[in-house]
Amino acid sequence: MTRLGFVVSEFNRDITYQMELLGREHARFLGAEVVQTIMVPGVYDMPLAVRKLLKSDEIDAVVAIGCVIQGETAHDEIVAQHAARKLMDLSLEFDKPVTLGISGPRMSRPDAHKRVDYAKRAVEAAVKLVRRLRGE
């Protein structure tokens, strides 16, 4: 069984809550288990929590769940870009999948509601990667 860790952003919680529920449901459907969840204030804050989960022998992969909505500045692009880059670096450093269930940037709130399935896609990618890397 694939053991997942979730890191979930509290920012835009109305959306990330839906994403988290879809992700958990899809994990069960795929025969995976979410063994630990860490809530973080926002997407920018995810790397430290992801690192903590990756250090655990109980975790096969980490799914990052968040939502970055466009504001009046380019802040959303900076947050999403730097978080995605650091999450990729952590995946390579720990030799475990870290998948990106983060919607945005350049996205309105109505667009974000339409993209809650990003969490489901990230769970699927995590499970597939773990299985393929194991040779299953």
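All of the numbers you see were taken from the coordinates with simple rules; none came from a lab. Remember, it's a predicted structure, so these values are computed and weren't measured experimentally. Neighbour counts are summed over all protein chains in view; Cβ atoms, including those assigned to glycine, are modelled from backbone coordinates with ideal geometry.
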Just going by the charge dipole of the chain, with Lys and Arg at +1 and Asp and Glu at -1 on Cβ, which of 78, 130, 43 is farthest out on the positive end?
130
Fewest to most neighbouring Cβ within 10 Å: what's the order for 38, 102, 59, 65?
38, 59, 102, 65
Cut-off under 5 Å, modelled amide H: who pairs with residue 103 long-range
66, 67, 68
Just to verify a number: FRET efficiency for residue 109 and residue 131, C-beta to C-beta distance, R0 = 41 Å, to 0.05?
0.70
Sorted from largest down, give the three principal axis spans of the alpha carbons of the chain, whole angstrom values.
45, 29, 22
Magnitude of the Cβ-charge dipole of the chain, K/R +1 and D/E -1, about the Cα centre, nearest 20 debye?
300
Given H placed on each backbone N at 1.01 Å, which residues far from residue 10 in sequence or on other chains put an amide H within less than 5 Å of it?
40, 42
Protection proxy ranking, peptides 3-9, 25-31, average beta carbon neighbours within 10 Å, highest first
3-9, 25-31
Name the aspartates and glutamates eligible as straight-distance cross-link partners of residue 55: C-alpha to C-alpha under 13 Å, and not fewer than 8 places from it in the same chain.
93, 95
The exposure ranking of 56, 91, 108, fewest beta-carbon neighbours within 10 Å first, is 108, 56, 91
